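Take a look at the structure below.
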Amino acid sequence: MSEPSLYLFTGPEFGERNDAVDKIKKATKKKYGESDEYLFYAQETSVSEVVGILQSGSLFASASCIVFRGAELIKKKDDIELLASWVKNSVESSILILVSDEISVDSKLEKIVPKANKRIFWEMFEDRKIPWISDFFTKNGYSIEPDAAQTILDLVENNTQSLKAECSRFFLCFPTGTRLNVENVESVIAHNRGETAFTLFNTMSDKNLSVQKRFENSLGILQKIRLSKDSSAVMIIAGLSSCFRRLTVWQNLHENGSSPDDFTLKISGFSSKSAKTQYSSAATIWSAGQVAAIMALLSQADMNIRSSGTAFEDTQLFLLIYSIIVKKGASLSFYGDEAFTA
């Protein structure tokens, strides 16, 4: 029997992870000439639908390749058994790549993936990030001051995908040969940065701001996201859910006053200075019990939005942010300025 065409790519280093996915896609096209490519999210598409496409094959191409994101959500026994059954009868021309931002997925799911097809994409070590940025600019005919490189790290999500995208913007703004400084970085990134569910969480969890200010700033970011191309309410909730799941991991690592070492933090997904600062701040705002309640709120909001359509998405997202920041996960029984004094 041929090698099962099932892959599992996990971890927070999105850039290298996406490169690995693209490599498989290119290899498939090279081998079969043509390939139908699909992208699905576990929050939106069932395992049975994905397997159905894999089993039916393609009418117009010699192969099919499905990227299935959110693999950490695949936990139901029936879903895992269905995937296991497909693996036993799979053909090389039907490929499924499971992807997760988390470090690991359900152990039963991991067992059905061939060892050679599993890989965790770790975030770069802290001492490699500034050299990586410097090398990236040098290869493209630019140079950058160390303080400017650190500013980029402070403003951009620390994975190579985000860093490449943001650093590449400088090539459109400055002539080749420019040595970039902090002022240049702030003019390009700080004043024009895009907002995502992750920057939204960063503002929501800023312990240096008052509850009212965190709420006001978060609503401003939410509005910007809703006006952008990444405006899907379901994906905003998915992004926030990912952040609060990571917060649960952080809280478990620091339970009962524990102080995990750098290696333990790294393998748990907290190698960057910004991530440690962010989740340390978040842990002072929400207790473990409150985070559990917030996860339940996010799950409920996801189901409500899917069932009620798009008409009231903005209202539901607004109330969700209010419940998380002001009510700290408690059920929403009232709304008003008096809540900010609680």
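Rule-based calculations on the coordinates, nothing more; no lab input. Everything quoted here is computed from the prediction, not taken from an experiment. As a convention, Cβ positions derive from the backbone with ideal geometry for all residues, glycine included, and neighbour counts pool all protein chains shown.
What full-extension length gain, to one decimal in nm, is calculated for Gln251 and Gln43 as 0.36 nm per residue of separation minus the Cα-Cα distance?
Separation in residues times 0.36 nm, less the Cα-Cα distance, equals 72.4 nm.
Of Leu180, Ser35, Val50, which is farthest towards the positive pole of the chain's charge dipole, taken about the Cα centre with +1 and -1 on the beta-carbons of Lys, Arg and Asp, Glu respectively?
Checking the options against the dipole of the chain, the answer is Ser35.
In the structure shown, do any of Lys207/Lys328; Lys23/Lys118; Lys30/Lys111; Lys25/Lys139; Lys77/Lys111 have a Cα-Cα gap over 18 Å, and if so which?
From Lys207/Lys328; Lys23/Lys118; Lys30/Lys111; Lys25/Lys139; Lys77/Lys111, over 18 Å: Lys30/Lys111; Lys25/Lys139.
Working out 0.36 nm times the residue gap between Lys30 and Thr176, then minus their Cα-Cα distance, what length gain in nm do you get to one decimal?
Result: 49.1 nm gained on full extension.
Please report the equivalent ellipsoid semi-axes of the stretch 122-208, computed as sqrt(5 x eigenvalue) of the Cα gyration tensor, largest first, in whole Å.
The answer is 22, 15, 11 Å, longest axis first.
Which helices, counted as full DSSP H runs in the chain, have an axial Cα extent of no less than 20 Å and a Kyte-Doolittle average of 0.0 or above?
233-253, 288-308
So how strong a dipole does the chain carry about its Cα centre when Lys and Arg Cβ are +1 and Asp and Glu Cβ are -1, to the nearest 20 debye?
That gives the chain a dipole magnitude of about 480 debye.
Restricting the calculation to Cα positions, tell me the Rg (one decimal) and the Dmax (whole number) of the chain in Å.
Calculated on Cα positions, Rg and Dmax stand at 21.7, 67 Å.
Give me the log10 of I(q) over I(0) for the stretch 197-341 at q = 0.10 Å⁻¹, as the Debye formula computes it from C-alpha points; what are the numbers?
Taking Cα atoms of the stretch 197-341 as identical point scatterers yields -0.34.
Report the label-to-label distance for Lys164 and Asn117 in nanometres (one decimal), using points 7 Å from each Cα along the Cα→Cβ vector.
So the label points at Lys164 and Asn117 sit 2.4 nm apart.
For the stretch 87-149, how big is Rg over Rh, using alpha carbon atoms and the Kirkwood form of Rh?
Taking Rg over the Kirkwood Rh, I get 1.22.
Please report, largest first and rounded to whole Å, the three semi-axes of the ellipsoid equivalent to the stretch 244-298, where each semi-axis is the square root of five times an eigenvalue of the C-alpha gyration tensor.
Here the semi-axes work out to 19, 12, 10 Å.
Label points 7 Å out from Cα along the Cβ direction at Ser143 and Ala20: separation in nm?
3.6
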